[in-house]
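S.K.: Below is the structure I would like to discuss, written out as structure tokens.
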Amino acid sequence: MTRPRLVFPVILLLAGCGSSPETHYYKLSVVGAEATHAAPTTAPVQVTAVHLPPSLDRLERVVQSGPNRVQLSDQERWSAPLAEMARDVLSQDLRARLPPGAVVMPDAPAPKNTRQIVVSVAQFGPNADGEVELTGDWSLLKPGTDDVIGRQPVSLRTPAGRDADSQVGAMSRLLGQLAAQIASATGTDVKNRKPPA
């Protein structure tokens, strides 16, 4: 006598394997601003690098859930490397705030008198207090050299919701705020400044 085949449980098992959570991809966006229409009075600038710590330089979205704890999400990923995306968006935000010709985009050929901007990030993303923060510093370099003209600290925070869309939007706004700071400082020589007390 032949035993009945166990087809039904196998079908259920296969159906269960096909129901993995959907992966969502996120990107930073440019924050609009009205450009200045005056002619540039100083040498152009180019954002050559945004340096992120290894804990943030990954495709998974990172959320700090405590002083010594972070959460990584396999279902929430960046659509491109975060450092490159931040550099490109910051450049576009900066171009929107400075006169035409004052900003050279990252991958474009730069004139010899172009000053370089390098951003070193300590923290960029949601923290455990329900905010999104951007901390670190940015430096302005002499054209064609590694000589630093000036360096300024960055410490920006803004409230954000608990969902990914809200947090990514807040990160984009902080890049816009950083662009506004750089735009107001690069018209003249940047001096080393201490953080406000």
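S.K.: Starting from 0.36 nm per residue, how many nanometres of slack lie between LEU59 and ALA80 once their C-alpha separation is accounted for?
M.R.: Extra length available between LEU59 and ALA80 comes to 6.9 nm.
S.K.: In segment 24-185, what percentage of the DSSP-assigned beta bridges are antiparallel, given to the nearest 5?
M.R.: Percent antiparallel among DSSP bridges in segment 24-185 is about 75.
S.K.: By the scheme Lys and Arg +1, Asp and Glu -1, what is the net charge of all other residues having a beta-carbon under 13 Å from that of GLN177?
M.R.: +1
S.K.: Right, something else. If you plug each phi of segment 132-141 into the Karplus form 6.51 cos²θ - 1.76 cosθ + 1.60 with θ = phi - 60°, what whole-Hz ³J(HN,Hα) values come out, in order, with x for Gly and Pro?
M.R.: These are the phi-based 3J(HN,Hα) values: 10, 10, 9, 10, x, 7, 10, 10, 10, 10 Hz.
S.K.: By count of other Cβ within 10 Å, fewest leading, how are LEU59, LEU82 ordered?
M.R.: Lowest to highest Cβ neighbour count: LEU59, LEU82.
S.K.: Next question, about the same structure. If you stretched the chain out fully between SER20 and ASN68, how much longer would it get, using 0.36 nm times the residue separation minus the C-alpha to C-alpha distance?
M.R.: 14.3 nm
S.K.: Tally Lys/Arg at +1 and Asp/Glu at -1 over every other residue whose Cβ is under 13 Å from the Cβ of PRO21; what's the total?
M.R.: The answer is -2.
S.K.: To the nearest 20 debye, what charge dipole does segment 58-181 have about its Cα centre, counting +1 at the Cβ of each Lys and Arg and -1 at the Cβ of each Asp and Glu?
M.R.: 360
Computed from the coordinates by the stated procedures, all read-outs in this text should not be read as laboratory data. These figures come from a predicted structure and were not determined experimentally. Glycine also receives a Cβ, built like all others from the backbone with ideal geometry; neighbour counts cover every protein chain displayed.
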